[in-house]
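Presented below is the structure to which this report refers.
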Amino acid sequence: MTEREQTHGTNDQEIHLPLADLIRIRRQKIDQLKAQGITPYPYKYERTHAISESHEQFDALAAEEKVVRLAGRIMLKRKMGKAIFADLRDVSAKLQLYVKIDNVGQAAFDNFDLLDMGDIVGAEGTLFITRTGERTLKVTSWELLSKSLHPLPDKHAGLTDLETRYRRRYADLIINPEVRETFVKRTKIIQIVREFLNAHGFLEVETPILQPLYGGAMARPFKTHHNALDIPLFMRIADELYLKRLIVGGYEKVWEFCKDFRNEGMDRKHNPEFSMIELYWAYADYHDMAAFYEEMLRHTVKALFGGYKVNYDGREIDFEPKFRWLTMVGSIKDATGVDFTSMTDDEAKAAAKKLGVHESEKLINRGKAIEAVWELKVEPNLIQPTFIADHPVEISPLAKRHREDPRFTERFELFIAGQEMGNAFSELNDPMDQLERFMQQGKAIEQGDEEAQPLDDDFITALAYGMPPTAGLGFGIDRLVMLLTDQQSIRDVLFFPQMKETKEGTVPVSKILAQILEDEKK
RNA sequence: GGGGGUGUAGCUCAGUGGUAGAGCACCUGCCUUUUAAGCAGGGAGUCGAAGGUUCGAUCCCUUCCACCCUCACCA
């Protein structure tokens with residue numbers, strides 16, 4: 001414990017962590033810099049080049065001894081007597097700085113010596129190559145742009161602790177370049193899809209996130225409250241019902257990039273807040289949508305990688321061949337030899353149990369039984385892109401009945417690498433049928449199914465005005481990004497995944513700073 | 001919710017029933033084209049939290065917290 005800490009222990013708890021000492025040292029450096037007339041947090045810096053540009057134009061800039069001004073974070077620092085080398089990094093690239101006492105003068109040299117890894121600086125000088133062949137900026141003057149108080153993670157070992165990486169994503173991004181790259185890819189994927197949809201005449205729209213009634217998916221919602229209206233509101237779990245209202249209204253192609261919220265378990269594939277894209281296409285059916293979606297994915301992969309092969313979790317996924325198309329009951333028959341097509345509820349339940357479906361599954365009807373068998377016997381094997389089509393009507397309350405068999409629906413889900421990558425229907429537009437499905441769902445709610453959908457009067461009203469035949473599709477953006485960036489956890493494609501609050505153990509940095517602030521005032 | 005694992009310095013990690021170590025980072029000194037710079041010296045820890053056993057716990061026991069894996073539930 002230092003003298004300083006013993007003297008100023010006025011807080012309820014004395015902070016004597018090594019981290020606090022490291023921060024104090026950096027505060028003292030700020031004082032020394034201020035004494036030299038340096039502002040630790042100035043307002044701006046005029047750059048002439050991004051660091052990547054200094055690399056691209058290096059030969060010309062070096063030959064002409066052009067003065068360049070760069071800015072970024074100091075990632076490494078090596079003092080060699082009367083010269084200091086430092087690695088400067090901006091968003092685009094990294095370049096070495098060479099600060100020599102003869103070039104900048106004694107004062108600027110000593111001040112640079114006070115800098116730490118993590119500090120943000122601007123530097124002016126000319127470019128050259130060192131004896132060891134490294135491109136370098138020979139600094140003639142420099143400015144401190146922001147003093148870093150908290151030490152960076154280890155310069156070699158990096159930051160690997162998952163909890164810290166998620167809770168302090170900024171530290172993760174500073175230290176792990178591949179993480180920055182993953183999120184850039186995320187943005188690119190969304191851009192590619194957006195451009196594709198726009199190019200095909202789909203209108204990007206926005207619909208309510210706060211809704212008086214939730215629907216459009218099977219999930220438990222988040223509930224909140226509006227004070228002025230004094231009414232309960234739900235965070236949306238899907239966009240479906242609002243986008244279909246827009247189709248009723250006369251738009252023929254609409255889509256939305258939607259943040260959805262589902263109040264359910266969290267794991268590697270689920271975050272309570274996630275992103276989907278939903279699109280609705282009037283006068284088309286689910287076959288049209290399947291072809292369109294297949295083309296969109298193929299285009300996205302090509303635009304992103306230049307080819308059609310994607311590696312995920314050690315496997316190669318090929319987007320070039322036409323995606324397989326299997327019906328749900330057909331794929332079960334292929335895998336087990338059992339044909340569920342014409343079974344009654346009781347027959348289907350018995351068959352499901354015989355095929356090893358777990359006791360705990362709620363096999364309340366034929367549809368649930370088929371789904372359970374399918375999940376057990378077929379789903380895990382769907383590595384290459386495969387459409388699974390024509391789900392039982394019981395598990396598809398918003399899909400139109402199959403034109404050839406009313407026990408099933410015109411619906412498909414796409415599976416890639418064992419993951420669902422989209423869900424689409426020929427949308428149910430018969431208001432009477434839709435009403436009956438809602439009433440069916442109502443019974444399920446009464447039986448304790450917390451994920452069944454409540455009756456939406458206004459949606460039925462909209463359908464009563466008449467909705468053209470329409471195909472609709474929804475797919476999870478996070479899952480698509482996982483697939484295309486070879487990430488196995490949704491948390492690695494969300495900047496700030498949901499985490500539980502920690503109350504014990506670590507002392508918040510703000511508390512350390514508060515005590516230092518208090519000490520400095522004395 | 002069940003099972004398994006992890007939690008020690010700012011970071012990455014060793015370790016022990018007798019109040020703790022390494023590398024990086026940090027501090028001091030030397031070094032004017034170095035580069036995981038080097039050399040010499042030094043400082044730094046509520047060993048996740050709370051109880052218990054014990055003469056003595058970071059270690060053993062109990063409970064709790066967070067994170068990871070896995071099964072279940074769930075899209």
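For chain A, with equal point scatterers placed on the C-alpha atoms only and solvent neglected, what are the log10 I(q)/I(0) values from the Debye formula at q = 0.08, 0.09 1/Å, to two decimals?
At q = 0.08, 0.09 Å⁻¹ the computed log10 ratios are -0.71, -0.83.
Residues in the range A:378-405, backbone N under 19 Å from the label point at A:M439 (7 Å along the Cα-to-beta-carbon vector): list them, ranges by number please.
A:393-401
How far is it, in nm, from the label point at A:E206 to the one at A:A157 when both lie 7 Å from their Cα along the line to the Cβ?
4.6 nm
What is the gain in length, in nm to one decimal, between A:M499 and A:A107 on full extension, counting 0.36 nm per residue of separation less the C-alpha to C-alpha distance?
The A:M499-A:A107 span can extend by a further 136.5 nm.
For each pair in A:K34/A:K155; A:K253/A:K333; A:K269/A:K377; A:K66/A:K147; A:K309/A:K377; A:K94/A:K500, compute the distance between the two Cα atoms and list the pairs where it is over 30 Å.
Cα-Cα > 30 Å for A:K253/A:K333; A:K94/A:K500; rest within.
What number, rounded to the nearest 500 deg cm²/dmol, is the helix-based mean residue ellipticity at 222 nm of chain A, given -39500 (n - 2.57) per DSSP H run of at least four residues and division by all its residues?
Calculated at 222 nm, the ellipticity per residue is -11000 deg cm²/dmol.
Mean shadow of the range A:180-237, computed from the convex hull of its alpha carbons, in nm²? Could you put the intermediate results ahead of the total?
Working: hull surface 25.8 nm².
For the Cα atoms of the range A:180-237, the hull's average projected area reads 6.4 nm².
If I take R0 = 56 Å and measure r between the Cβ atoms of A:E450 and A:L22 in this structure, what FRET efficiency does the formula 1/(1 + (r/R0)^6) give, to the nearest 0.05?
About 0.65, to the nearest 0.05.
List the residues whose amide H sits under 5 Å from the amide H of A:L233, counting only those 5 or more places along or on another chain, with H placed 1.01 Å from N in the peptide plane.
Here A:T224, A:H225, A:H226 satisfy the definition.
Tell me, what is the Rg over Rh of the range A:423-522, with Rh the Kirkwood radius over Cα pairs?
On the way: Rg = 25.1 Å, Rh = 19.2 Å.
My calculation of the ratio gives 1.30.
For q values of 0.18, 0.23 Å⁻¹, compute log₁₀ I(q)/I(0) with the Debye formula on a Cα-only model of the range A:333-385, without solvent.
-0.52, -0.82
For the range A:193-284, what percent of Cα pairs sit more than 22 Å apart?
36 percent
Å³ per residue of the Cα convex hull, for the range A:278-354?
177 Å³
Obtain the radius of gyration and the Kirkwood radius of the range A:252-392 from its C-alpha atoms and give Rg over Rh.
On the way: Rg = 18.0 Å, Rh = 17.8 Å.
My calculation puts Rg/Rh at 1.01.
Work out, in µm²/s and without decimals, the Stokes-Einstein translational diffusion coefficient of the range A:3-162 at 20 °C, 1.002 mPa s, Rh from Kirkwood over C-alpha pairs. Provide the component values of the computation, followed by the final result.
Values: Rh = 17.1 Å.
Translational D for this selection: 126 µm²/s.
Taking a 32 Å limit on the Cα-Cα distance, which of the listed pairs A:K259/A:K322; A:K259/A:K354; A:K77/A:K188 fall beyond it? It would help to have the intermediate numbers written out before the result.
Working: A:K259/A:K322 30 Å; A:K259/A:K354 40 Å; A:K77/A:K188 34 Å.
Cα-Cα > 32 Å for A:K259/A:K354; A:K77/A:K188; rest within.
Suppose a student asked you for the relative contact order of the range A:322-435, using Cα pairs under 8 Å spaced at least 6 residues apart; what percent would you report?
After rounding, I find 24 percent.
Using 0.36 nm per residue of separation minus the Cα-Cα distance, give me the extension gain between A:L513 and A:R324 in nm, one decimal.
62.1 nm
Filter chain A for me: DSSP H helices, axial length by Cα at least 20 angstrom, mean Kyte-Doolittle hydropathy not below -0.5. List them by residue number.
A:18-35, A:177-199, A:286-305
Taking the Kirkwood radius as the inverse of the mean 1/r across Cα pairs, report the Rg/Rh of the range A:135-252.
Rg/Rh for the range A:135-252 comes to 1.17.
May I ask for the equivalent-ellipsoid semi-axes of the range A:112-191, computed as the square root of five times each C-alpha gyration tensor eigenvalue and listed largest first in whole Å?
On the way: eigenvalues 163, 68, 38 Å².
In descending order, the three semi-axes are 29, 18, 14 Å.
Report the full-extension gain for the segment A:A350 to A:K44: residue separation times 0.36 nm, less the Cα-Cα distance, to one decimal in nm. Could you put the intermediate results ahead of the total?
Numbers: separation 306, 0.36 × 306 = 110.16 nm, distance 7.24 nm.
Contour length minus Cα-Cα distance gives 102.9 nm.
If I take every Cα pair under 8 Å that is 6 or more residues apart in the range A:3-162, average their sequence separation and divide by the length, what percent do I get for the relative contact order? All intermediate terms of the calculation are to be shown ahead of the outcome.
Numbers: 267 pairs, mean separation 37.4, N = 160.
Here the relative contact order equals 23 percent.
Counting only C-alpha contacts under 8 Å and six or more residues apart, can you give the relative contact order of chain A as a whole percent?
With pairs under 8 Å counted, the relative contact order is 12 percent.
Read the figures in this text as sums done on the coordinates, not as results from a lab. Predicted model, so just to flag it, every value in this text is computed and none were measured. So basically every Cβ, Gly included, is an ideal-geometry build from the backbone, and we count neighbours across all protein chains shown.
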